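Asks: Sending over a structure as structure tokens; questions will come in a sec.
The values are calculated or read from the model by the stated rules, or taken from the named source; none is laboratory data. Bear in mind the structure is a predicted one, so any value in this text is a computation, not a measurement. Quick reminder, even Gly has a Cβ in these numbers, built from the backbone with ideal geometry, and neighbours come from all protein chains shown. Ligands, DNA and RNA are excluded from the accessible area calculation, which covers all protein heavy atoms including side chains. Shrake-Rupley method; radii C 1.70, N 1.55, O 1.52, S 1.80 Å.
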Amino acid sequence: DPQVTVFIQEYLSKRVSVLGAVEKPGPFELLGRQTVLSIISQAGGLTRDAGQEIIVIRQLPEGESTAIHIPIDDLFLKGEAKLNIALEPDDVVTVPVDKTVVIYVFGQVRNPGALQVRKSNLPSLTQAIAQAGGFSERAVKSKVKIRRKDPAGKDLEITVNVKRILSGKLRDIPLRENDTIYVPESLF
């Protein structure tokens, strides 16, 4: 009557990897049914610089891979259960970092300086001026300049009549990372 005892020394089962803006990125064991929320919880939750979505990269049987995009607000704030998908072995759960970028506003605004904004939520021209305290009394609203670099690195200067934007005759201008806005001064 032999008696055999089996000890599990190490689990080498199915794993998923969690990367990006989580407190403890790394590989995690898939013990039982795990979902996106449960694995993010195991990874310590999201960090402050988390982007606006979670991306699950999944290997398909044909050898290709697919990306499943899950909006963070819909999953965490609205609690949409269908977005809390079950994970499969070798899935890679990525939470992209939404870095802070700078937009410069100077000239005739109440609080000139650098605006710290999220790359995923860059302001428009009028929003940036509002964040800088709005126009001062001596501002020339019809000749606001946006300075930026084009993809080749060449300096561009765009003159915008903000009065026309405010009156609804012109669309607001979306800003880009490292744009500089200059509001000139009226001499009269």
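Asks: Number of Lys pairs in the chain with C-alpha atoms less than 21 angstrom apart, excluding same-chain neighbours closer than eight positions?
Replies: 12
Asks: Among rounded, prolate and oblate, which fits the stretch 6-62 when a ≥ b ≥ c are the square roots of the eigenvalues of its C-alpha gyration tensor, a/c under 1.5 means rounded, and a/b larger than b/c means prolate?
Replies: Note, shape of the stretch 6-62 comes out oblate.
Asks: Find out how many positive minus negative residues lie around Ser186, taking Lys and Arg as positive, Asp and Glu as negative, among other residues whose Cβ is under 15 Å from that of Ser186.
Replies: +3
Asks: If you don't mind, there's one more thing I want to ask. Could you list the chymotrypsin sites (Phe, Trp or Tyr not before Pro) in the stretch 1-107 that lie in coil according to DSSP, counting only those with at most 11 other Cβ atoms within 10 Å of their Cβ?
Replies: Phe7, Tyr11
Asks: Less than 15 Å Cβ to Cβ from Lys149, Lys/Arg counted +1 and Asp/Glu -1: what total charge do the surrounding residues give?
Replies: 0
Asks: Would the stretch 145-188 count as rounded, prolate or oblate if I go by the C-alpha gyration tensor, calling it rounded below 1.5 in a/c and otherwise prolate when a/b exceeds b/c, oblate otherwise?
Replies: Here the stretch 145-188 falls in the oblate category.
Asks: Further, regarding this structure: In the chain, if every C-alpha pair distance is counted and binned at 5 Å from zero, what percent goes to each bin?
Replies: 1, 7, 12, 13, 11, 8, 8, 9, 8, 7, 5, 3, 2, 1, 1, 1, 1, 0, 0, 0, 0, 0
Asks: Cα centroids of the stretch 60-136 and the stretch 141-188: how far apart, whole angstrom?
Replies: Each part reduced to its Cα centre gives a spacing of 23 Å.
Asks: Quick one: grab Rg to one decimal and Dmax as a whole number for the stretch 1-98, Cα atoms only, in Å.
Replies: Cα only, the stretch 1-98: 16.1, 64 Å (Rg, Dmax).
Asks: How much accessible area per residue does the chain have, in Å², with a 1.4 Å probe?
Replies: 65
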